Amino acid sequence: PYIEDSTMGFFSRKRSNKKQPPKLICKPNDINSFKCILLAAHRNLDLDISWSEASALDSNLSNSLDLEETDSLPIIEDRNITMSRAEALLGYLNIKGGAPAVHPRKARILAQQNYWIELLDDKLEPLLLDIEGNKDAISTILAAVDKQLSIGPFIVSEFTLADIHWLAAYLVIEEKINDCLTPLIHFSAWLKHMQDKIPNYAEKLQPHTA
C-alpha cells in the first residue's frame, strides 16, 4: 500500500479487483461514526458496516501521520481506496451514489448550517468526554437548540448536514440525558422529523451496543 497524497494524509490505496459495497468501519458510541452512518442512511447508500475499537487502516499510514490506531476511526474502504477522518468521509458519502447531496443552494442557509455544525464542534463535543459531569452544560446547549427549533422543523430553515451532526451527538448522549428532554418540546418534535428523514435510524446504529 502507499499514501495517495502525503500532504493530506487521509487516503491510501490497495490493489483489488473485487466489486463489493463500500465498507464503513466504525467505533462504538462515536459521534463521527454516527454522522457517517446517518448520512449514508439518509442517502440510501449500500454500505457494509462493522464495528471495531482499533483501526484497520494501513499501519504505515497511521505511523506517517503520528496517529494512534483508534484515532483513525471511522474509515471507509471502497474498492482500492481507504479513507479516514470524518470530514473526508462525510464529503465522500454526500457525493457517492445517485441520490441528491445534502447541500443548501442558498448561501444564507449554507452559512447557518456551518454555524450550527461549528457550534456543536466547539461547545458540545468537548463536553462528551464526561457526559455525567457536564450534564448541566449539555442541558443549557440543548435548550438553545430547542429555542432555535421553535422557528421551524429543522435546525435551519431546511434539512441540512447540521441536523445530521446534531442527531449524531444526541444519539451518543441520549441514555444519560433523557431526563433533560422533557421540557424541550421543539427538540422532541425535531427527533420525529428526523425519523421521517432517516427511517429506522436507531436500528442502523444498534450494532454499536454489541
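The values are calculated or read from the model by the stated rules, or taken from the named source; none is laboratory data. In this text the structure is predicted, and so the values were computed from the model without any measurement. Glycine also receives a Cβ, built like all others from the backbone with ideal geometry; neighbour counts cover every protein chain displayed. Quick note on the areas: whole protein, heavy atoms, side chains included, nothing else; ligands and nucleic acids left out. Shrake-Rupley method; radii C 1.70, N 1.55, O 1.52, S 1.80 Å.
Per residue, the stretch 124-176 exposes an accessible area of 43 Å² to a 1.4 Å probe, with every protein chain left in place. For the set Lys123/Lys147; Lys96/Lys123; Lys176/Lys204; Lys123/Lys204; Lys27/Lys135, the pairs lying more than 25 angstrom apart at their alpha carbons are Lys96/Lys123; Lys123/Lys204.
Given axes a ≥ b ≥ c from the Cα gyration tensor, I'd like to know whether the stretch 85-152 is rounded (a/c under 1.5), prolate (a/b larger than b/c) or oblate. Oblate, because a/c is 1.5 or more while a/b does not exceed b/c. In this structure the amide hydrogen of Asn80, modeled in the peptide plane, comes within under 5 Å of no amide hydrogen from residues 5 or more places off or on another chain. Sequence-ordered 3J(HN,Hα) estimates for the stretch 27-38 from the Karplus curve with 6.51, -1.76 and 1.60 and θ = phi - 60° stand at 9, x, 6, 10, 4, 5, 4, 5, 4, 5, 5, 5 Hz, glycine and proline given as x.
For the pair Ala101 and Thr182, label points projected 7 Å from Cα toward Cβ lie 4.5 nm apart.
Judged by the mean number of other Cβ atoms found within 10 Å, the most tightly packed of the peptides 187-199, 130-142, 34-46, 159-171 leads the ranking 159-171, 34-46, 187-199, 130-142.
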